1. Can you tell me how many residues in region 386-424 are assigned to a helix (DSSP H, G or I) and either modelled with pLDDT under 95 or among the aromatic types (F, W, Y) (or both)?
2. So is D225 in contact (Cβ under 8 Å) with a residue 60 or more places away in the chain and surrounded by fewer than 24 Cβ atoms within 10 Å (Cβ to Cβ) or not?
3. Just give me the residues in region 356-399 being crowded, with 21+ Cβ neighbours inside 10 Å and of a type in the set (D, E, K, R), in sequence order.
4. Among the residues of region 124-155, write down those that are modelled with pLDDT under 90, surrounded by 12 or more Cβ atoms within 10 Å (Cβ to Cβ) and among the acidic types (D, E).
5. Is it the case, given these coordinates, that D215 is within 12 Å of the chain's Cα centre (by Cα) and without any contact (Cβ under 8 Å) to a residue 60 or more places away in the chain?
6. Out of the residues in region 218-241 that are farther than 24 Å from K279 by Cα and of a type outside the set (A, V, I, L, M, F, W, C), which is nearest to the chain's Cα centre (by Cα)?
7. So is G342 farther than 21 Å from K277 by Cβ, among the small types (G, A, S), modelled with pLDDT under 95 and under 20 Å from the mean Cα position of the chain (by Cα) or not?
8. Out of curiosity, is P325 touching a residue at least 60 places away in the same chain (Cβ under 8 Å) and either assigned to a loop (DSSP other than H, G, I, E, B) or in contact with an Asp or Glu (Cβ under 8 Å, 6 or more places away or on another chain) (or both)?
Amino acid sequence: MPSHICSIVPPYLLRGIVESQAVDDEARQCARNSLDHRTQFTAKRCDRFNTLSQPRAARASAGAPQGIVPEVLLQHIADSEDVDEETRTRARGDIERTRRVISSYQNGLGQEKDDEGKVATAAKSEPKTPEPSGFYRAVYDAKNDANEEDLPGTVVRVEGQQPVKDQTANDAFDNVGRVLDFYLEKFNWKSIDNKNMHVLSSVHFGEKYGNAFWDPDRMQMVFGDGDQFIYRFASCLDVIGHELTHAVTEHTSPLVYEGQPGALNEHVSDVFGIMIKQKFEDETADKADWLIGEGCLLPDVKGVALRSMKEPGTAYDDPRFGKDPQPANMADYKATTDDNGGVHLYSGIPNKAFYLASVAFGGYSWEKAGQVWWKAMSSGRVPARCTFIQFADVTTDVAEELFGEEGAKIVRNAWNEVGVTRKH
């Protein structure tokens, strides 16, 4: 079973549909199924990030294996006539490199000697899988099966193939590539783990499943087809950017998934999801809409997106599932046990701070504010149980290192404006 599920649709929105008297029984049941699915695995998500926040030796078992794409898939890519020759050649090379490492290991090069200098009967460590020459994408069809044990499903499209008839599969394939290209181009980060990890996606998960999530046990994206209100997850670039960033966070600064660190975990995913969307749409910070999941709401829903980073609390207001409850300032922060201490609810506060910093810096969000947030997350200075004020301090310090006193002032002012202030 998955060790955690992060889904793009917040639980308070799903709960609003379940409790609403303005929707039909089918809509309530679809929302209830999605909410139950998410609730079922939230505790395991917390366990995973708690493990990842421990010293390296203690968290060794939590890491995902590099060879996540089985050799049979690489062989499929290498042998398929539908795959371009460059990708086939690369896949054959990666298969050969992996086989050489395993062969050398089995022949004793990975073995140790005992006190008398004799070769030990078994090595203490497994052979290290060589880093692939580039990441491979693969999209599968879950065929509306809601059982995670049956994932990924039937292969539909792999790296090097032309688009297929299933547009949802094409959207998932293309948008995963755009996210990974963004990380490489703007932050020199290779795929999810900085080691060119391959990325799998499954589309058509469940019957009218109104959500999308990252499954860390299988290291893959999972997309439902949507319900009466929410759909088109695979076509929303910021949704995929958000979910894949949760995986990147596991490899940079794992944040415990509860309370303020959990809200920061969600916030960081929104930050990189929105930057990727703005990059694709070529929008500067002052011209962008700052909406997360803009394309996920069906046309008759009274709202514009799942969340607004510019104006938290204004993304939607529909009698069928309520009003967007996100606060934009610490003055409205209240302790809660819902949603693991409000991890989706209170992410709106740091979201607004990032928006303010981006606009104040000017230009594109990833040029300065994004560089500050990336260096903060990849510097080792963000603790696992980081509070908002601690994160504000780290980003302010990083801004000064990158852009001097003026940069530090911009970032500190942004945090001050949302009520995350240092008490003297």
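The values are calculated or read from the model by the stated rules, or taken from the named source; none is laboratory data. On a predicted model such as this, the values are computed, not experimentally measured, just so you know. Neighbour counts are summed over all protein chains in view; Cβ atoms, including those assigned to glycine, are modelled from backbone coordinates with ideal geometry.
1. 4
2. yes
3. Correct list: K368 only.
4. Matches in region 124-155: E131, E148.
5. Criteria not met by D215.
6. R218
7. So G342 passes the test.
8. Yes, satisfied.
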